[in-house]
Amino acid sequence: MNALPGADAVLADPRWPEGALALFGAARKQGLPTVLDGDVGDAADAAWFDRLLPHTDHAIFSAPGLEHYATGACTLDEQLHFALARGCRLAAVTLGEHGLRWADASGLHSLPAFAVQAVDTTGAGDAFHGAFAFALGAGWPVRRALRFSAAVAALKCQRPGGRAGLPDLASALALVDSIKE
């Protein structure tokens, strides 16, 4: 039985941890990639991350969220390894104008930020997570999915408003393709 008809990837955050756990369990049974929006609001969330991360393919934290969760880990790389050791397949942290960093089985990786004139960062993290889930669902390699997500978030920051500031697909792809790695 297909518990998630039409889904190519799933995204959840810890605000309803029981729901995220059920969603990720169903997705894993169907071989769908799971993305966890790792923004921690309080101490109770941190305990839930310990339960969610073994069911998570890609945990993407904000810098404050990762620092709050990985209490005791001093450096950013130690914090990423802390999260990775809890069972997810990739632990990443968005760093705003400083790009992003992630850890996976092959090691530590970084991508620079896109240089944009930020007007409003409202919703940039949500835009990043949604774009990442979209890209994974489309079957893109992780590095390109992360680059695309960073482009979506950067373009969103150039315009005011949360949803109103979101770019279209063509604009995001043009920005990704303008940078040669």
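Assorted remarks:
Residue-wise test of (1) at pLDDT 95 or above; (2) under 24 Å from VAL176 (Cα atoms).
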position: GLY72; (1), (2): no, no
position: GLU78; (1), (2): yes, no
position: ALA83; (1), (2): yes, no
position: LEU90; (1), (2): yes, yes
position: GLY125; (1), (2): no, yes
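- The stretch 168-180, residues that are open to solvent by 70 Å² or more (accessible area, probe 1.4 Å) and in contact (Cβ under 8 Å) with a residue 24 or more places away in the chain: ILE179
- Those strands (runs of 3 or more DSSP E) of the stretch 29-135 in which 1 or more residues are in contact with a Gly (Cβ under 9 Å, 6 or more places away or on another chain) and surrounded by fewer than 19 Cβ atoms within 10 Å (Cβ to Cβ) occupy 107-111.
- Any hit, the stretch 155-167, residues being among the hydrophobic types (A, V, I, L, M, F, W, C), under 16 Å from the mean Cα position of the chain (by Cα), open to solvent by 10 Å² or more (accessible area, probe 1.4 Å) and under 19 Å from ASP37 (Cβ atoms): no
- Meets criteria (out of contact with any helix residue (DSSP H, G or I) (no Cβ under 8 Å at 6 or more places or on another chain) and either of a type in the set (D, E, K, R) or under 20 Å from PRO33 (Cβ atoms) (or both)) for ARG101: no
The values are calculated or read from the model by the stated rules, or taken from the named source; none is laboratory data. Bear in mind the structure is a predicted one, so any value in this text is a computation, not a measurement. Cβ: placed from backbone, ideal geometry, glycine included. Neighbour counts: every protein chain shown. Just the protein is used for accessible areas: all its heavy atoms, side chains included, with ligands, DNA and RNA removed. Shrake-Rupley method; radii C 1.70, N 1.55, O 1.52, S 1.80 Å.
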